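These notes concern the structure reproduced below.
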Amino acid sequence: MIRHSLKTDRPGDLGAFESLVYPIGSDAFFADIWRKQILLIDGEGAPPLPLIDTDQFLTVLYEAGLGSMPIRYTTPGVNSSEANRDAFFRLKAKWERPPSLSELAAQTAGSTLVFDAIAGRVPRAKAWCREIFKAKKLACDFNAYFGSSEGASAFGAHFDLEDVFVLQVEGQKDWHLWEAPEPSTGLTWSDCETPTAPPDQIVRLSPGDILYVPRRRWHWPKTVGDGASFHLTLQV
(Lines give C-alpha, C1' and ligand atoms only; values in the text may rest on other atoms or scores of the structure.)
Protein backbone atom coordinates (compact mmCIF):
# COMPACT_ATOMS: atom_id res chain seq x y z
CA MET A 1 0.00 0.00 0.00
CA ILE A 2 1.27 3.46 -0.91
CA ARG A 3 -0.18 6.60 0.63
CA HIS A 4 0.31 9.95 -1.07
CA SER A 5 -0.68 13.37 0.16
CA LEU A 6 -2.93 15.36 -2.16
CA LYS A 7 -2.41 19.07 -1.54
CA THR A 8 -5.41 21.35 -1.74
CA ASP A 9 -3.62 23.43 -4.39
CA ARG A 10 -4.05 20.85 -7.17
CA PRO A 11 -3.24 22.70 -10.42
CA GLY A 12 -6.34 23.60 -12.37
CA ASP A 13 -4.85 22.90 -15.79
CA LEU A 14 -4.31 19.15 -15.34
CA GLY A 15 -5.86 16.67 -17.74
CA ALA A 16 -8.55 14.27 -16.55
CA PHE A 17 -6.28 11.32 -15.78
CA GLU A 18 -3.53 13.53 -14.34
CA SER A 19 -6.09 15.07 -11.95
CA LEU A 20 -7.07 11.58 -10.86
CA VAL A 21 -3.56 10.43 -9.91
CA TYR A 22 -2.06 13.78 -8.80
CA PRO A 23 0.55 14.29 -7.31
CA ILE A 24 2.11 11.16 -8.80
CA GLY A 25 1.88 11.83 -12.52
CA SER A 26 0.48 9.42 -15.08
CA ASP A 27 3.87 8.16 -16.32
CA ALA A 28 4.95 7.14 -12.82
CA PHE A 29 1.53 5.67 -12.10
CA PHE A 30 1.58 3.37 -15.13
CA ALA A 31 5.21 2.40 -14.54
CA ASP A 32 5.02 1.62 -10.82
CA ILE A 33 1.40 1.12 -9.71
CA TRP A 34 -0.96 0.20 -12.57
CA ARG A 35 -2.22 -3.36 -12.02
CA LYS A 36 0.57 -3.95 -9.49
CA GLN A 37 -0.59 -2.51 -6.19
CA ILE A 38 -3.36 -0.70 -4.35
CA LEU A 39 -2.89 3.06 -4.05
CA LEU A 40 -4.44 5.54 -1.63
CA ILE A 41 -4.23 9.27 -2.32
CA ASP A 42 -5.16 11.19 0.83
CA GLY A 43 -7.23 14.25 -0.02
CA GLU A 44 -6.35 16.03 3.24
CA GLY A 45 -9.75 17.69 3.23
CA ALA A 46 -9.53 18.87 -0.38
CA PRO A 47 -12.89 19.01 -2.17
CA PRO A 48 -13.71 15.99 -4.35
CA LEU A 49 -13.04 16.29 -8.06
CA PRO A 50 -16.04 18.13 -9.59
CA LEU A 51 -17.51 15.25 -11.57
CA ILE A 52 -20.81 14.05 -10.09
CA ASP A 53 -21.94 15.77 -6.89
CA THR A 54 -24.73 14.66 -4.60
CA ASP A 55 -27.31 17.00 -6.14
CA GLN A 56 -26.61 15.65 -9.63
CA PHE A 57 -26.84 12.07 -8.37
CA LEU A 58 -30.14 12.71 -6.62
CA THR A 59 -31.60 14.46 -9.66
CA VAL A 60 -30.57 11.64 -12.01
CA LEU A 61 -31.99 9.12 -9.55
CA TYR A 62 -35.29 11.02 -9.38
CA GLU A 63 -35.55 11.14 -13.17
CA ALA A 64 -34.76 7.45 -13.71
CA GLY A 65 -37.71 5.42 -14.97
CA LEU A 66 -38.84 1.96 -13.94
CA GLY A 67 -37.01 0.46 -16.92
CA SER A 68 -33.65 1.84 -15.79
CA MET A 69 -31.63 -1.35 -15.55
CA PRO A 70 -28.56 0.48 -14.19
CA ILE A 71 -30.19 0.84 -10.76
CA ARG A 72 -29.38 -1.83 -8.17
CA TYR A 73 -30.85 -1.82 -4.67
CA THR A 74 -29.68 -4.08 -1.86
CA THR A 75 -31.75 -4.57 1.29
CA PRO A 76 -30.55 -6.71 4.23
CA GLY A 77 -32.25 -10.10 4.23
CA VAL A 78 -33.68 -9.79 0.69
CA ASN A 79 -31.70 -11.82 -1.86
CA SER A 80 -33.89 -11.31 -4.91
CA SER A 81 -32.61 -8.48 -7.13
CA GLU A 82 -36.06 -8.16 -8.70
CA ALA A 83 -37.77 -7.84 -5.31
CA ASN A 84 -35.24 -5.25 -4.22
CA ARG A 85 -35.72 -3.19 -7.40
CA ASP A 86 -39.49 -3.34 -7.01
CA ALA A 87 -39.18 -2.16 -3.40
CA PHE A 88 -37.05 0.80 -4.42
CA PHE A 89 -39.33 1.91 -7.27
CA ARG A 90 -42.38 1.65 -5.00
CA LEU A 91 -40.55 3.98 -2.63
CA LYS A 92 -39.50 6.27 -5.47
CA ALA A 93 -43.06 6.55 -6.78
CA LYS A 94 -43.92 8.60 -3.68
CA TRP A 95 -41.31 11.28 -4.42
CA GLU A 96 -42.60 14.66 -5.58
CA ARG A 97 -39.07 16.06 -6.01
CA PRO A 98 -35.50 14.79 -5.71
CA PRO A 99 -34.83 13.90 -2.05
CA SER A 100 -31.98 15.31 -0.03
CA LEU A 101 -29.17 12.96 0.94
CA SER A 102 -30.46 12.74 4.51
CA GLU A 103 -34.02 12.07 3.32
CA LEU A 104 -32.81 9.27 1.05
CA ALA A 105 -30.82 7.80 3.95
CA ALA A 106 -33.88 7.81 6.20
CA GLN A 107 -36.07 6.19 3.54
CA THR A 108 -33.54 3.46 2.70
CA ALA A 109 -32.10 2.79 6.17
CA GLY A 110 -29.66 -0.13 6.15
CA SER A 111 -29.72 -0.45 2.36
CA THR A 112 -27.33 0.34 -0.49
CA LEU A 113 -28.21 1.91 -3.82
CA VAL A 114 -26.05 1.66 -6.95
CA PHE A 115 -26.52 3.60 -10.18
CA ASP A 116 -24.38 1.95 -12.87
CA ALA A 117 -23.01 3.73 -15.94
CA ILE A 118 -24.16 7.12 -14.68
CA ALA A 119 -21.62 9.14 -16.69
CA GLY A 120 -23.89 9.25 -19.75
CA ARG A 121 -26.42 11.24 -17.72
CA VAL A 122 -23.97 13.82 -16.35
CA PRO A 123 -22.18 15.84 -19.07
CA ARG A 124 -19.07 16.65 -17.01
CA ALA A 125 -18.49 13.00 -16.15
CA LYS A 126 -19.13 11.90 -19.74
CA ALA A 127 -16.58 14.44 -20.99
CA TRP A 128 -14.04 13.09 -18.48
CA CYS A 129 -14.43 9.56 -19.81
CA ARG A 130 -14.03 10.80 -23.38
CA GLU A 131 -10.88 12.73 -22.45
CA ILE A 132 -9.32 9.72 -20.71
CA PHE A 133 -10.04 7.52 -23.73
CA LYS A 134 -8.61 10.10 -26.10
CA ALA A 135 -5.43 10.63 -24.04
CA LYS A 136 -4.79 7.14 -22.61
CA LYS A 137 -6.85 4.81 -24.84
CA LEU A 138 -8.68 3.54 -21.74
CA ALA A 139 -12.44 3.02 -21.91
CA CYS A 140 -14.17 3.90 -18.65
CA ASP A 141 -17.47 4.77 -16.98
CA PHE A 142 -18.72 5.86 -13.56
CA ASN A 143 -20.90 3.97 -11.10
CA ALA A 144 -22.44 5.84 -8.15
CA TYR A 145 -22.81 4.14 -4.75
CA PHE A 146 -25.02 5.34 -1.91
CA GLY A 147 -24.81 3.67 1.51
CA SER A 148 -27.58 4.78 3.84
CA SER A 149 -26.09 4.01 7.25
CA GLU A 150 -23.39 2.27 9.28
CA GLY A 151 -22.47 -1.12 7.82
CA ALA A 152 -24.36 -0.71 4.53
CA SER A 153 -22.63 -2.58 1.70
CA ALA A 154 -23.72 -3.51 -1.82
CA PHE A 155 -21.71 -6.75 -1.74
CA GLY A 156 -19.65 -8.84 0.59
CA ALA A 157 -15.99 -9.48 -0.19
CA HIS A 158 -15.53 -9.54 -3.98
CA PHE A 159 -13.26 -8.44 -6.81
CA ASP A 160 -13.89 -6.54 -10.04
CA LEU A 161 -12.87 -7.46 -13.57
CA GLU A 162 -11.95 -3.82 -14.23
CA ASP A 163 -9.41 -1.52 -12.63
CA VAL A 164 -11.28 0.81 -10.28
CA PHE A 165 -10.67 4.31 -8.95
CA VAL A 166 -12.84 5.15 -5.94
CA LEU A 167 -13.69 8.82 -5.37
CA GLN A 168 -15.28 9.55 -2.00
CA VAL A 169 -17.78 12.44 -2.26
CA GLU A 170 -19.80 12.43 0.99
CA GLY A 171 -19.55 10.57 4.29
CA GLN A 172 -17.05 7.85 5.04
CA LYS A 173 -16.40 4.32 3.80
CA ASP A 174 -14.10 1.61 5.18
CA TRP A 175 -12.42 -0.46 2.48
CA HIS A 176 -11.32 -3.91 3.65
CA LEU A 177 -8.45 -4.88 1.34
CA TRP A 178 -6.63 -8.15 0.76
CA GLU A 179 -3.21 -8.55 -0.86
CA ALA A 180 -4.04 -12.19 -1.72
CA PRO A 181 -2.88 -13.56 -5.10
CA GLU A 182 -5.17 -12.76 -7.99
CA PRO A 183 -7.86 -15.35 -8.77
CA SER A 184 -7.45 -17.34 -11.94
CA THR A 185 -8.13 -15.42 -15.14
CA GLY A 186 -11.64 -15.95 -16.48
CA LEU A 187 -13.30 -16.50 -13.11
CA THR A 188 -15.74 -14.07 -11.56
CA TRP A 189 -15.79 -13.52 -7.81
CA SER A 190 -18.94 -15.65 -7.46
CA ASP A 191 -16.92 -18.62 -8.80
CA CYS A 192 -14.25 -18.27 -6.11
CA GLU A 193 -14.00 -18.85 -2.40
CA THR A 194 -13.97 -15.56 -0.53
CA PRO A 195 -10.96 -14.82 1.69
CA THR A 196 -11.20 -16.38 5.14
CA ALA A 197 -8.29 -14.45 6.65
CA PRO A 198 -8.81 -10.94 8.04
CA PRO A 199 -8.11 -8.14 5.56
CA ASP A 200 -4.50 -7.10 5.20
CA GLN A 201 -5.52 -3.49 5.61
CA ILE A 202 -8.59 -1.38 6.28
CA VAL A 203 -8.58 2.07 4.70
CA ARG A 204 -11.11 4.73 5.69
CA LEU A 205 -12.06 7.10 2.87
CA SER A 206 -13.31 10.62 3.56
CA PRO A 207 -14.45 13.25 1.04
CA GLY A 208 -11.62 14.11 -1.35
CA ASP A 209 -9.79 10.78 -0.93
CA ILE A 210 -9.09 8.59 -3.96
CA LEU A 211 -8.38 4.84 -3.85
CA TYR A 212 -7.08 2.79 -6.75
CA VAL A 213 -7.83 -0.96 -6.62
CA PRO A 214 -6.34 -3.10 -9.43
CA ARG A 215 -8.66 -5.53 -11.14
CA ARG A 216 -9.11 -8.94 -9.52
CA ARG A 217 -8.10 -7.71 -6.04
CA TRP A 218 -10.39 -8.75 -3.19
CA HIS A 219 -12.08 -5.90 -1.32
CA TRP A 220 -15.16 -5.18 0.79
CA PRO A 221 -16.39 -1.58 1.26
CA LYS A 222 -18.67 -0.71 4.19
CA THR A 223 -20.33 2.56 5.16
CA VAL A 224 -19.14 3.90 8.54
CA GLY A 225 -20.06 6.79 10.78
CA ASP A 226 -23.34 8.46 11.64
CA GLY A 227 -24.28 9.72 8.18
CA ALA A 228 -24.76 8.31 4.71
CA SER A 229 -21.91 7.64 2.29
CA PHE A 230 -21.77 8.59 -1.39
CA HIS A 231 -18.86 7.60 -3.61
CA LEU A 232 -18.08 7.14 -7.29
CA THR A 233 -16.16 4.35 -8.93
CA LEU A 234 -14.40 5.02 -12.20
CA GLN A 235 -14.20 1.59 -13.81
CA VAL A 236 -11.43 1.36 -16.39
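The values are calculated or read from the model by the stated rules, or taken from the named source; none is laboratory data. Note that this is a predicted model, so its numbers are computed, not measured. In this analysis, Cβ positions are derived from the backbone assuming ideal geometry, glycine residues included, and neighbour counts consider all displayed protein chains. Heads up: the accessible areas ignore ligands, DNA and RNA and are worked out on the full protein's heavy atoms, side chains in. Shrake-Rupley method; radii C 1.70, N 1.55, O 1.52, S 1.80 Å.
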For segment 65-134, shape from the Cα gyration tensor axes a ≥ b ≥ c, cut at a/c of 1.5 then a/b versus b/c, turns out prolate
Cβ-Cβ cut-off under 12 Å around R124, Lys and Arg +1, Asp and Glu -1: the net charge is +1
Give me the percent of the accessible area of segment 94-141 that comes from carbon and sulfur atoms, probe 1.4 Å, all protein chains in place. 55 percent
The lysines whose Cα lies under 26 Å from the Cα of K134, excluding any fewer than 8 residues away in the same chain, are K36, K126
Please give every one of the lysines within straight-line cross-link reach of K173, meaning a C-alpha to C-alpha distance under 20 Å, and leave out same-chain neighbours fewer than 8 residues apart. K222
Taking only protein heavy atoms into account and a 1.4 Å probe, give the accessible area per residue of the chain in Å². 48 Å²
Report the one residue of S111, A93, I132 whose Cα lies farthest in the direction of the positive end of the charge dipole of segment 31-151 (charges on C-beta: Lys and Arg +1, Asp and Glu -1; origin at the Cα centre). I132
Tell me the label-point distance for the pair D86, H4, using the 7 Å Cα-to-Cβ offset, in nm and rounded to one decimal. 4.8 nm
For A135 and D55, calculate 0.36 nm times their separation in residues minus their Cα-Cα distance, and state this gained length in nm to one decimal. 25.9 nm
Ignoring ligands, DNA and RNA, what percent of the 1.4 Å accessible area of segment 1-64 is carbon and sulfur? 47 percent
